[in-house]
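Asks: Pasting a structure here, questions to come.
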Amino acid sequence: MQVFRSLAEARVAGCAVAIGNFDGVHLGHKGLFDLARVLAGARGAPAAALTFEPHPARVLRPQLAPPLLTPLPRKLELLEAAGLDAVVVQPFDLDYARTSSGDFVERDLAGALGAREVVVGYDFTAGHDRARAEALAPRLASLGLALHVVAPVQSEGLTVSSTKIREFLLEGNVEAAGLLLGRDHDVDGVVERGAGRGRGFGFPTANLRPKAMLPANGVYAVRVRLGTEARWWDGVCNVGVKPTVQDQGPVAAEAHLFDFPGQDLHGTTLRLAFVAHLREERRFPSIDALRARIAEDVRAARTLLAPGR
């Protein structure tokens, strides 16, 4: 998959392009990509995505911007897995935010990109005037571009959206978030050196503070990948502030990998995939009580993650 870092450098003339922020790259987004691929295939042209970096809300309303489900490197990985031929990552700043919908259609889509099929979601708006898709259709048609608006995608009776996925994660409901994503929610992070308490308990952990959104504080059954290795390790992960052993601190993820050989993971990039919520994080009356509960969590996670479950 080709990655272009702006519309100015894009070289995908004749493409069918799906447009959006695509945070999470969820099942709703997949509907756009699937249609773009079909339209592109009929033309013998590339299927592309146009997205924006950073997320426009982080520029326009930083105090209200939602936490990211997928930072750009993970987003690009998922877009490639969706079968796209090219992705254009348009830098978004206050200057670009002043772009009108007319300029976006004529200068960016028809001109710089050379698109011929445009695929958007039902809630798409363009430009500082926030023009909706139906208002853009006549102008696109006059320039020889066909517009396709994809209806809301439903999963388990729910409309799939990045907002709903974030709501589920804030509740700790990673199972429901996974249903809308079409995969387990995952985060990447570099293992930091911790205090070593887990090893003293008999449950050594890898500590990280990812840039992507973590689920609510609690304990989860997870699968863990080291770097780009193919193997996934089953494990259990605490998200939170470890109230039994420290008074306060930043929220972090602390993962124990089952049956791991035990080499030092400090500085290693891990991917944590959240499979199931086990319990809320809480303070225990003693270290022994905490150790006993961790052992219960490990047993529960092993059961949930067992093959065939």
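Asks: Answer yes if at least one residue in region 266-273 is closer than 20 Å to Gly172 by Cβ, surrounded by 15 or more Cβ atoms within 10 Å (Cβ to Cβ) and without any contact (Cβ under 8 Å) to a residue 40 or more places away in the chain, and no otherwise.
Replies: Within region 266-273 (the criterion being closer than 20 Å to Gly172 by Cβ, surrounded by 15 or more Cβ atoms within 10 Å (Cβ to Cβ) and without any contact (Cβ under 8 Å) to a residue 40 or more places away in the chain), the answer is no, since none of the residues qualifies.
Asks: For the condition out of contact with any Cys (no Cβ under 9 Å at 6 or more places or on another chain), surrounded by fewer than 22 Cβ atoms within 10 Å (Cβ to Cβ) and either without any contact (Cβ under 8 Å) to a residue 60 or more places away in the chain or not aromatic (Phe, Trp, Tyr) (or both), what is the one hit in Ala45, Ala18, Ala49, Ala8?
Replies: Ala8
Asks: Let me ask another. In region 52-95, how many are more than 15 Å from Gly20 (Cα to Cα) and either touching a residue at least 60 places away in the same chain (Cβ under 8 Å) or touching a Phe, Trp or Tyr at 6+ places or on another chain (Cβ under 8 Å) (or both)?
Replies: Residues that pass the stated criteria total 8.
Asks: Further, regarding this structure: Write out, first by first residue and then by second, each pair whose Cβ atoms fall under 8 Å of each other, whose residues are 6+ apart or on separate chains, and whose first residue, in region 220-237, is in contact (Cβ under 8 Å) with a residue 12 or more places away in the chain while the second is aliphatic (A, V, I, L, M) and part of a loop (DSSP other than H, G, I, E, B).
Replies: From region 220-237, the pairs are Leu226/Leu265.
Asks: Mind checking which residues of region 138-167 are assigned to a helix (DSSP H, G or I) and surrounded by fewer than 16 Cβ atoms within 10 Å (Cβ to Cβ)?
Replies: Pro138, Ala141, Ser142, Thr163, Glu167
Asks: Restricting region 221-244 to residues that are within 18 Å of the chain's Cα centre (by Cα) and part of a strand (DSSP E or B), which is nearest to Pro66 (Cα to Cα)?
Replies: Val239
Asks: Looking at region 257-267, can you tell me whether even one residue there is within 19 Å of Pro215 (Cβ to Cβ), at pLDDT below 85, part of a loop (DSSP other than H, G, I, E, B) and small (Gly, Ala, Ser)? Walk me through how you get there before you give the answer.
Replies: Our first condition is that a residue be within 19 Å of Pro215 (Cβ to Cβ); within region 257-267, this holds for 257.
Okay, now just the ones that are also at pLDDT below 85, so none.
Taking every residue of region 257-267 in turn, none turns out to be within 19 Å of Pro215 (Cβ to Cβ), at pLDDT below 85, part of a loop (DSSP other than H, G, I, E, B) and small (Gly, Ala, Ser).
Asks: So, one more: Taking into account only those residues within region 218-228 that are at pLDDT 95 or above and either within 14 Å of Leu170 (Cβ to Cβ) or not hydrophobic (A, V, I, L, M, F, W, C) (or both), which is surrounded by the most Cβ atoms within 10 Å (Cβ to Cβ)?
Replies: The residue in question is Tyr220.
Asks: Among the numbered criteria (1) surrounded by fewer than 19 Cβ atoms within 10 Å (Cβ to Cβ); (2) in contact with a Ser or Thr (Cβ under 7 Å, 6 or more places away or on another chain), which one does Ala126 miss?
Replies: (1)
Asks: Then there's this: Give the residue, chosen from Leu170, Leu180, that is surrounded by fewer than 17 Cβ atoms within 10 Å (Cβ to Cβ) and at pLDDT 95 or above.
Replies: Leu170
Asks: In addition: Give me the pairs: first residue in region 113-136 and outside any helix (DSSP H, G or I), second residue among the aliphatic types (A, V, I, L, M) and exposed (fewer than 13 other Cβ atoms within 10 Å of the Cβ), beta-carbon distance under 8 Å, and six or more apart or on different chains, which are they?
Replies: Gly114/Ala13; Tyr122/Ala151
Asks: Within region 96-111, which residues are surrounded by fewer than 20 Cβ atoms within 10 Å (Cβ to Cβ) and either in contact (Cβ under 8 Å) with a residue 60 or more places away in the chain or not acidic (Asp, Glu) (or both)?
Replies: Filtering region 96-111 down to residues surrounded by fewer than 20 Cβ atoms within 10 Å (Cβ to Cβ) leaves 96-103, 106-107, 110-111.
Tyr96, Ala97, Arg98, Thr99, Ser100, Ser101, Gly102, Arg107, Ala110, Gly111 - these are the residues of region 96-111 that are surrounded by fewer than 20 Cβ atoms within 10 Å (Cβ to Cβ) and either in contact (Cβ under 8 Å) with a residue 60 or more places away in the chain or not acidic (Asp, Glu) (or both).
The values are calculated or read from the model by the stated rules, or taken from the named source; none is laboratory data. This one's a predicted model, so the numbers in the text were calculated from it and none came from an experiment. Here the Cβ is made from the backbone with ideal geometry for all residues, glycine too, and neighbour counts use every protein chain on show.
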